[in-house]
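Colleague: Input: one structure, supplied below.
The values are calculated or read from the model by the stated rules, or taken from the named source; none is laboratory data. Bear in mind that the values here come from a model prediction, so they are computed numbers and not experimental data. Cβ placement follows ideal geometry from the backbone for every residue including glycine, while neighbour counts extend to all protein chains displayed.
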Amino acid sequence: MDLSNLKPARGSVRQRKRIGRGEGSGAGDTATRGHKGAKSRAGFSRKAGFEGGQMPLARRVPKFGFKNRNRVEYQPVNLGTLQKLVESKGTDTIDLNTLISNGLVSKNEKVKVLGKGKLNARINISAHAFSETAVKAIEANGGTVNRI
């Protein structure tokens, strides 16, 4: 056996059906497309959401509100979480890399520190945004806040 006499398994390769090539082929006349209608025509492509002429769902349902394109999404991190982080790692400086390496945020997210939970440690923290209560709590313990 060599490469010159390899063949596919018997019955595994079939010839394609040649449609629209006359009555003798068995697939002439309508070329397997049925009779009339848009789907029988050449070049037919159904638009996304087309419902056969019925009023489409996207136009039946009322619209309201709007999406602000300029909205900045922040990943929240609470003071209680930072306290646990300080206790477990024994560090007083927390930056973006520290939060990423501990799995609190992913590298492409902006971080906002929120004031939920108790903070007893003195920490120096860098983040994109801070709530007022978080800033008060951090500075009350002698820590510093650095906005990136």
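Colleague: Tell me which residues, restricted to segment 101-121, are touching a Pro at 6+ places or on another chain (Cβ under 6 Å) and either of a type in the set (A, V, I, L, M) or in contact (Cβ under 8 Å) with a residue 40 or more places away in the chain (or both).
Modeller: Narrowing segment 101-121 to residues touching a Pro at 6+ places or on another chain (Cβ under 6 Å): 112, 114.
Residue satisfying the conditions is LEU114 alone.
Colleague: So in segment 38-61, with the set limited to residues that are among the charged types (D, E, K, R) and part of a loop (DSSP other than H, G, I, E, B), which one is surrounded by the fewest Cβ atoms within 10 Å (Cβ to Cβ)?
Modeller: Taking segment 38-61 as the starting set, the residues that turn out to be among the charged types (D, E, K, R) are 39, 41, 46-47, 51, 59-60.
Next, only the ones that are part of a loop (DSSP other than H, G, I, E, B) stay: 41, 46-47, 51.
Working: ARG41: 9, ARG46: 10, LYS47: 7, GLU51: 13.
Restricting to residues being among the charged types (D, E, K, R) and part of a loop (DSSP other than H, G, I, E, B), the top hit is LYS47.
Colleague: If a residue must be in contact with a Gly (Cβ under 9 Å, 6 or more places away or on another chain) and either among the β-branched types (Val, Ile, Thr) or under 10 Å from VAL77 (Cβ atoms) (or both), how many such residues does segment 118-129 contain? Give the steps one after another, and end with the answer.
Modeller: So in segment 118-129, the residues in contact with a Gly (Cβ under 9 Å, 6 or more places away or on another chain) come out as 118-119, 121-125.
When the remaining residues are screened for being either among the β-branched types (Val, Ile, Thr) or under 10 Å from VAL77 (Cβ atoms) (or both), the result is 123, 125.
Count: 2.
Colleague: If you don't mind, another one. Say we look at segment 28-61 and pick out the residues that are of a type in the set (D, E, K, R) and more than 33 Å from the chain's Cα centre (by Cα); which of these is farthest from SER131 (Cα to Cα)?
Modeller: Looking only at segment 28-61, we keep the residues that are of a type in the set (D, E, K, R), and these are 29, 33, 36, 39, 41, 46-47, 51, 59-60.
If we keep only those that are more than 33 Å from the chain's Cα centre (by Cα) as well, we get 29, 33, 36, 39, 41.
On the way: ASP29: 73, ARG33: 64, LYS36: 65, LYS39: 59, ARG41: 62 Å.
Ranking the candidates gives ASP29 first.
Colleague: Can GLY24 be described as exposed (fewer than 10 other Cβ atoms within 10 Å of the Cβ) and either part of a loop (DSSP other than H, G, I, E, B) or touching a Phe, Trp or Tyr at 6+ places or on another chain (Cβ under 9 Å) (or both)?
Modeller: Working: exposed (fewer than 10 other Cβ atoms within 10 Å of the Cβ): yes; either part of a loop (DSSP other than H, G, I, E, B) or touching a Phe, Trp or Tyr at 6+ places or on another chain (Cβ under 9 Å) (or both): no.
In short, no.
Colleague: For the subset of segment 131-148 comprising residues that are surrounded by 15 or more Cβ atoms within 10 Å (Cβ to Cβ) and part of a loop (DSSP other than H, G, I, E, B), which member is modelled with the lowest pLDDT?
Modeller: Of the residues in segment 131-148, the ones surrounded by 15 or more Cβ atoms within 10 Å (Cβ to Cβ) are 131, 134-135, 137-138, 143, 145.
Keeping just the survivors that are part of a loop (DSSP other than H, G, I, E, B) gives 131, 143.
Values: SER131: 95, GLY143: 90.
Per the criteria, the residue is GLY143.
Colleague: Would a scan of segment 62-73 turn up a residue that is touching a residue at least 12 places away in the same chain (Cβ under 8 Å) and either surrounded by 10 or more Cβ atoms within 10 Å (Cβ to Cβ) or within 22 Å of the chain's Cα centre (by Cα) (or both)?
Modeller: We begin by selecting, within segment 62-73, every residue touching a residue at least 12 places away in the same chain (Cβ under 8 Å); these are 72-73.
When the remaining residues are screened for being either surrounded by 10 or more Cβ atoms within 10 Å (Cβ to Cβ) or within 22 Å of the chain's Cα centre (by Cα) (or both), the result is 72-73.
Checked against the condition, which is being touching a residue at least 12 places away in the same chain (Cβ under 8 Å) and either surrounded by 10 or more Cβ atoms within 10 Å (Cβ to Cβ) or within 22 Å of the chain's Cα centre (by Cα) (or both), segment 62-73 yields at least one hit.
Colleague: Filter segment 77-104 for residues that are outside any helix (DSSP H, G or I) and under 21 Å from THR133 (Cα atoms) and give the result.
Modeller: Narrowing segment 77-104 to residues outside any helix (DSSP H, G or I): 77-78, 90-95, 102-104.
Across segment 77-104, the qualifying residues are VAL77, ASN78, ASP92, THR93, ILE94, ASP95, LEU104.
Colleague: How do the pairs read when you match residues in segment 88-100 that are in contact (Cβ under 8 Å) with a residue 12 or more places away in the chain with residues anywhere that are of a type in the set (Lys, Arg) and loosely packed, with under 12 Cβ neighbours inside 10 Å, using Cβ under 9 Å and keeping only pairs 6 or more apart or on different chains?
Modeller: LEU96/LYS107
Colleague: Another question about this same structure. Can you tell me how many residues in segment 99-112 are farther than 11 Å from LEU82 by Cβ and either charged (D, E, K, R) or surrounded by fewer than 17 Cβ atoms within 10 Å (Cβ to Cβ) (or both)?
Modeller: 9
Colleague: If a residue has to be more than 44 Å from the chain's Cα centre (by Cα), of a type in the set (A, V, I, L, M) and in a loop (DSSP other than H, G, I, E, B) to count, how many in segment 1-21 make the cut?
Modeller: Residues meeting the conditions: 2.
Colleague: For segment 113-130, how many residues meet the condition of being in contact with a Lys or Arg (Cβ under 7 Å, 6 or more places away or on another chain) and surrounded by fewer than 17 Cβ atoms within 10 Å (Cβ to Cβ)?
Modeller: 2
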